[in-house]
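Input: a single structure, listed below in structure tokens.
The values are calculated or read from the model by the stated rules, or taken from the named source; none is laboratory data. Given the structure is predicted, the values throughout are model-derived calculations rather than measurements. All Cβ positions, even for glycine, are placed from backbone atoms using ideal geometry, and neighbour counts span all protein chains on display.
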Amino acid sequence: MKKVFSMRDGTKLPVVDVPNFNLSKGQQLAIFGKSGSGKSTFLNLLAGILKANSGSIKIDNTHLTKLPESGRDLMRSKVMGYVFQSFHLLQGCTALENVLVAMAVSGNANEEKAKELLSLVGMSEKENSLPAQLSIGQQQRVGIARALANSPKLILADEPTGSLDPENASRSIELLKSLCKANGCALIVVSHDPNIINCFEHAMKWEDLNKVGKEDK
Amino acid sequence: MNLNSKVGLIFFLARKGFRQHFFASLVAAFSIALAGGLLLGTMKIQKQTQTSFNNASGGFDAVLGARGSKLQLILNALFHLDASPGNLPWEQYELIKNTPGVKEAYPIAVGDNYLGYRLVGTDPKLFYDHEWKKGEKYKLRQGRIFSEMAKEALVGSFVAKKLNLKIGDRFQPYHGLNFKEDTQHEDIYVVVGLLEATGTPSDKVIWVPIKGIQLMEGHDQEMAQSVSAVLLSLKGAAGFNLEIRYNRQGNLATFAWPVAATLASFFDKMNWFRGVLQVIAYVIAVVGVLMVASTMHSSLNERKRDFAILRSLGSSRVIVMGVIMGHAWLISLLGALGSIVIMQGIGWITQTIIAEQTGVLLDGMNLQYEDLWVIGGIILTGLIGGLGAAVNAYRSDVVDNLHPTS
């Protein structure tokens, strides 16, 4: 799978070149590497937000790369969950509404289930709070509950601990891992923080996975 | 709200956007409301003023008066506005009263006032027999109708309220149609009756016996043998015949008939004013569109990240576009509702001014079927304002708005 960006001056910027990548059902993997090296782009390709220039992506027996944008949107809403570094909660919506909106996107809004998820991440008492009224750690927990909203088969976490202090970072990763395990969903965490590797049984260096620039050397 | 339907989700998020940008949304809605209200108001005022003036002609089909403008004659004799074009000899009244086809003929004499309100002399039969509206005769709120030869007055409801006149009150009229302090007559009149409101110009008049005006102290002898105009109800083809007799073959009097057509020509002359108001309404509408566009644009800039989040959750571009259009729709809907309120406000102010000036009471400004087109236009106007931002939202790049990247 390759992704090359066209720059404004006409030059081409290869960012991702992953010859082969497999993740088993329920597997948890950490990918670590330098900032700006293309890890987020890789996740965006897996999520179908970006389209690869070549290669193919198959998730849950569906060829993502063969789907039109609307099909990729639908697949993302039903099969995947996304956790971001800066949480990316909808600022006008409460914690509960953030989870409900994620469910509604796939047509499965269920208030009971949303409350249950918030309870799992220890946010029951704050379900009616707006993101601005929550601490950073609390916001990340809501982000995790939202990622699990549609019982996904794969969770993509992009620098999920980047905004957290070491204690909260460790707690969040453990929470994410345990919830993914309990729900039988696979997890890919990308991070520039080498400490993340200690939390995972399987971890790999992004530079080992991505072959961009390797031929030149 | 059912979040599982796309429309439900769109309006849920649109409502959130409205709340997040409450003040800007409210200002945009107000601009639309102002434009819509002004447009609806001018349309209705034009229509209802004309209808109300036609209905307020006191149940008369024609007016006979001195040679001159038909419109001036009607405004003076039926609406108690404008100056009298002159007098007619009493014989002309007798002549037309006995003409076949003339159902009713009431002479009137004007020329005096009390504190700015006109005294109109007439035959008391007007209040016993005449229907000022189909099936409606004048009704007394209190007292009785004046006697033919006494110095008695019957007061219209508007005047009674304004001057606080009661039965038994005495007053001395002033000469002329406009109030001047140094022109008071010596004659003393007694209020013997108060009329119920009719919503017509007769509410703004103090009615007295015609002999009272004719023989008022200080009036010249000629006036005792003349009338200002004759109010007429006709039957059959009398109108055509009298038109020919007075206006084409004779030169003694003017026969103002039909009243409605003469008033219509008057309102046609006022069309420019309506045009000006409509141009103002359209200019405000353009401002409204720009306000919505500006609100949507600034809201879009602030919400680009929200939309990128929605897209990352799996929302389609159409839903993101729908949220912007839903927000614009909420603004437009509020604007449309506001325009009805503003229209009612304009109606109330106009109604008060016209009633004060003419005594003609306009009907309430109720919405009618054809107004739905205007309301639809108001909503469409707001949606047009949101369209640019919605297209931008549709095109916006998810990745660019989901910083930082690693």
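In table form, for the structure just shown:
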{"item": "Residue B:85 out of contact with any Gly (no Cβ under 6 Å at 6 or more places or on another chain) and either in the same structural domain as residue B:242 (by TED's automatic domain parsing) or modelled with pLDDT of 95 or more (or both)", "result": "no"}
{"item": "Answer residue from the range B:6-22, given it is within 8 Å of chain A (Cβ to nearest Cβ) and under 23 Å from residue A:150 (Cβ atoms) and is surrounded by the fewest Cβ atoms within 10 Å (Cβ to Cβ) among those", "result": "B:8"}
{"item": "Given (1) surrounded by 15 or more Cβ atoms within 10 Å (Cβ to Cβ); (2) away from chain A (no Cβ under 14 Å); (3) in contact (Cβ under 8 Å) with a residue 60 or more places away in the chain; (4) assigned to a helix (DSSP H, G or I), number of the condition residue B:290 does not satisfy", "result": "(1)"}
{"item": "Failed criterion for residue B:115 (all others in (1) under 24 Å from residue B:94 (Cβ atoms); (2) in contact (Cβ under 8 Å) with a residue 60 or more places away in the chain; (3) out of contact with any Lys or Arg (no Cβ under 7 Å at 6 or more places or on another chain); (4) among the aliphatic types (A, V, I, L, M) hold)", "result": "(1)"}
{"item": "Flag if residue B:395 is assigned by TED's automatic domain parsing to the domain that holds residue B:26, surrounded by fewer than 20 Cβ atoms within 10 Å (Cβ to Cβ) and in contact with a helix residue (DSSP H, G or I) (Cβ under 7 Å, 6 or more places away or on another chain)", "result": "no"}
{"item": "Count of residues meeting criterion [in contact (Cβ under 8 Å) with a residue 12 or more places away in the chain and part of a helix (DSSP H, G or I)] in the range B:37-73", "result": "22"}
{"item": "Sole exception among (1) in a loop (DSSP other than H, G, I, E, B); (2) within 19 Å of residue B:396 (Cβ to Cβ); (3) at the interface with chain B (Cβ under 7 Å from one of its Cβ atoms) for residue A:76, by number", "result": "(1)"}
{"item": "Failed condition for residue A:117, given (1) modelled with pLDDT under 90; (2) crowded, with 19+ Cβ neighbours inside 10 Å", "result": "(1)"}
{"item": "Unmet criterion (only one of (1) among the hydrophobic types (A, V, I, L, M, F, W, C); (2) closer than 30 Å to residue A:33 by Cα; (3) more than 14 Å from chain A (Cβ to nearest Cβ)) for residue B:399", "result": "(3)"}
{"item": "Residues located in the range B:362-376, provided they are surrounded by 14 or more Cβ atoms within 10 Å (Cβ to Cβ) and not hydrophobic (A, V, I, L, M, F, W, C)", "result": "B:363, B:371"}
{"item": "Strands (runs of 3 or more DSSP E) enclosed by the range B:90-172 - at least 2 residues per element that are surrounded by 15 or more Cβ atoms within 10 Å (Cβ to Cβ) and out of contact with any Phe, Trp or Tyr (no Cβ under 6 Å at 6 or more places or on another chain)", "result": "B:102-114, B:117-122"}
{"item": "Criterion violated by residue B:299 - all others in (1) crowded, with 19+ Cβ neighbours inside 10 Å; (2) among the hydroxyl-bearing types (Ser, Thr, Tyr); (3) modelled with pLDDT of 80 or more satisfied", "result": "(3)"}
{"item": "Residue that is surrounded by 21 or more Cβ atoms within 10 Å (Cβ to Cβ), more than 11 Å from chain B (Cβ to nearest Cβ) and part of a helix (DSSP H, G or I), where the choices are A:45, A:96", "result": "A:96"}
{"item": "Residue within the range A:197-212 that is closer than 22 Å to residue A:103 by Cβ and crowded, with 18+ Cβ neighbours inside 10 Å present", "result": "no"}
{"item": "Candidates B:187, B:203, filtered to the one that is at pLDDT below 95, in contact with a Ser or Thr (Cβ under 7 Å, 6 or more places away or on another chain) and either assigned by TED's automatic domain parsing to the domain that holds residue B:92 or buried (at least 21 other Cβ atoms within 10 Å of the Cβ) (or both)", "result": "B:203"}
{"item": "Criterion: of a type outside the set (D, E, K, R), more than 11 Å from chain B (Cβ to nearest Cβ) and within 30 Å of residue A:162 (Cα to Cα) - qualifying residue of A:53, A:61", "result": "A:53"}
